[in-house]
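A quick write-up on the structure given underneath.
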Amino acid sequence: MSDEARLAFAHPSERAEAMSGPDPLDRISLRDHIVEVEIGAFQAERGVTQRLCFNVVVEVQPLTEPVDDDVDRILSYDRVTEAIAAELAVERLALLETLAERVAERILFEPQAVRAFVRIEKLDRGPGALGVEIVRARGDAAMSEIAPGEAPYPELVYLGNDAIASPHLPGWLDQLEELGRPLILCVGAPDVAAPRLTHRMAQRRIDLLAIEQNAWVLAARDDRCVVVATRTELDWAMRNGQTCVWAPSKIVLDSVDTPSVQPSDAVALAAWFAATLDAQEMLVVGAGLPEGADVPLRAVAVDQVRL
């Protein structure tokens, strides 16, 4: 076996050593860290957990001052396992590649981290391990400009159907944009009745799609409104001043903290979503308020809107 092929199947620490160059950096490593999680692109992988094995090596800048046996002076192993746990907690993912990118990115926000080698393997999809390995360095073009957890707080607004149809909608959006916060609009289903089924999961998907139909109706009312369906799109939009209309299917179905409310209770579902974004409040225009929301709600009648 050639040295190149051997390194391809070796632990990431050997690959890091081979790529270290004339001035090798210090390295910390995490070996065979196993977590059970729901992940996968196939329908058969939904609703079940499978084991993932993480092997991570982080190249770090050597300290210029004595460590003095002080954990606060180093990049702790805990920061690596915390990066994995944090990304697994954001949403259900389909691809190991996406998870590896996000873990590497989060690790590289650590001040000492220079380069990250991340290998993730599925242990339960066959007789062997199926996986992906990536290498990412600080300053890569794919790195976000804002560290995880630093996205600005958004302004969440739920619009009932009368509010969507109101001729005052553009003026309301003008006022909301003047608040200077990222704006995310949520809607419920249109007034046209959706099909009713006895199959619970099928009905859930139909009700979510009905909300998404109405999201496109709202987007057609004002060119500033862009329908978004993923956390990646939302994160980008919040950082770039885009007015979003939430299409809920993917985020709801891929959530690791599945909402107990049903899509037919659209205001409660929007309130759940607002809480996941750490919104300070959700304005509800032209609809009633649910009980027990995890975020403060403020109701306004369509004919009494004063933002």
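Nothing in this text is a laboratory measurement; each read-out follows from the coordinates by a stated rule. Every value quoted in this text rests on a predicted model; they were computed, and no experiment measured them. Cβ sites come from the backbone with ideal geometry, for glycine too, and all protein chains shown count toward neighbours.
Residues in the range 184-200 carry Karplus couplings, in order, of 10, 9, 10, 9, x, 6, x, 6, 6, 5, 8, x, 10, 10, 8, 6, 5 Hz; the curve used is 6.51 cos²θ - 1.76 cosθ + 1.60 with θ = phi - 60°, and Gly or Pro positions show x. Build a GNM of the chain with springs between Cα atoms under 10 Å apart, and of I39, I134, I120 the one that fluctuates most is I134.
The residue among A287, I84, V56 whose Cα reaches farthest toward the positive pole of the charge dipole of the chain, with charges on the beta-carbon of Lys, Arg, Asp and Glu, is A287. Residues D23, D257, arranged from fewest to most other Cβ atoms within 10 angstrom of their Cβ, appear as D23, D257. Under 5 Å between amide hydrogens, built in the peptide plane, is the criterion, and for D124 it picks out R51 among residues at least 5 positions away or on other chains.
Dipole of the chain, Cα-centred, from +1 at each Lys and Arg C-beta and -1 at each Asp and Glu C-beta, to the nearest 20 debye? Please list the in-between numbers first.
Working: 29 positive and 50 negative charges, 219 e Å.
With only Lys, Arg, Asp and Glu charged at Cβ, the dipole is about 1060 debye.
Remark: the range 254-263, residue by residue, has Karplus-estimated 3J(HN,Hα) of 9, 5, 7, 10, 4, x, 7, 6, 8, x Hz, where x stands for each Gly or Pro and the curve is 6.51 cos²θ - 1.76 cosθ + 1.60 at θ = phi - 60°.
In this structure the amide hydrogen of V227, modeled in the peptide plane, comes within under 5 Å of the amide hydrogens of V245, none closer than 5 places in sequence on its chain. Computed from backbone phi, the HN-Hα couplings of the range 227-240 come to 6, 10, 10, 10, 5, 4, 4, 5, 4, 5, 4, 5, 7, 10 Hz, rounded to whole numbers (Karplus: 6.51 cos²θ - 1.76 cosθ + 1.60, θ = phi - 60°; Gly and Pro given as x).
For the chain, a Gaussian network of Cα nodes joined below 10 Å ranks A270, A85, A104 by mean-square fluctuation, and the top entry is A85. Between E133, E45, E155, which gets the highest mean-square fluctuation from a Gaussian network model of the chain, Cα cutoff 10 Å? Its mean-square fluctuation being the largest, the pick is E45.
The convex hull drawn around the Cα atoms of the chain, when projected onto a plane and averaged over every direction, covers 20.4 nm².
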